[in-house]
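The values are calculated or read from the model by the stated rules, or taken from the named source; none is laboratory data. Worth saying up front: this structure is predicted, and the values here are computed from it rather than measured. Because the Cβ atoms are built from the backbone with ideal geometry, glycine has one as well, and the counts that use them run over all protein chains shown. Surface areas here come from the heavy atoms of the whole protein model, side chains and all, with no ligands, DNA or RNA. Shrake-Rupley method; radii C 1.70, N 1.55, O 1.52, S 1.80 Å.
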Amino acid sequence: TLRRLLPTHGPVRPMMTADEQAAYDALPERITVYRGCDTHNMRGASWSLDRDVARRFPFLMRYRAARPLLVTATVLKSRVLALKLDRSETEVITFHARQTRLEALGVEVTAS
């Protein structure tokens, strides 16, 4: 549904704060992004600029991936709809990331 409602090229400045817009403007023309996921949701809209942040996602209680994966991809800046800096996730919203690497993640143990 979001893919149909949102434009194909960015940025969509109303989706970003002034700080996020400035950070978006500073991005290079080709960006490496990461997505921690399961096999059924490798092509979502939410990616991270931070590999370590993305690696944690399949192990969060709200996701609990059966087969945790880390997808590395590249995307043209013009295909990034927004950059979100809240929640310390450096989230990139795009439907046009092109996978360059896929790696299986092992079981991650977190301190309680």
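Points to keep in mind about this one:
- Applying the set (1) open to solvent by less than 60 Å² (accessible area, probe 1.4 Å); (2) part of a helix (DSSP H, G or I); (3) in contact (Cβ under 8 Å) with a residue 60 or more places away in the chain; (4) under 18 Å from His96 (Cα atoms) to Arg35 leaves exactly one unmet item: (2).
- Boolean, Ala45 is among the hydrophobic types (A, V, I, L, M, F, W, C), more than 19 Å from Ala104 (Cα to Cα) and either surrounded by fewer than 13 Cβ atoms within 10 Å (Cβ to Cβ) or touching a residue at least 60 places away in the same chain (Cβ under 8 Å) (or both): no
- Within the stretch 68-95, considering residues that are within 25 Å of Ala18 (Cβ to Cβ) and assigned to a loop (DSSP other than H, G, I, E, B), the one most open to solvent (accessible area, probe 1.4 Å): Leu85
- Within the stretch 17-29, the set of residues being surrounded by fewer than 18 Cβ atoms within 10 Å (Cβ to Cβ) and either within 17 Å of Arg87 (Cα to Cα) or under 14 Å from the mean Cα position of the chain (by Cα) (or both) comprises Thr17, Ala18, Asp19, Gln21, Ala23.
- Matching residues in the stretch 53-67 - criterion: being in a helix (DSSP H, G or I) and either touching a His at 6+ places or on another chain (Cβ under 7 Å) or more than 24 Å from Arg79 (Cβ to Cβ) (or both): Arg56, Pro58, Phe59
- Here the condition is being out of contact with any Ser or Thr (no Cβ under 7 Å at 6 or more places or on another chain) and in contact (Cβ under 8 Å) with a residue 60 or more places away in the chain; of Leu81, Leu5, Leu85, it holds for Leu85 alone.
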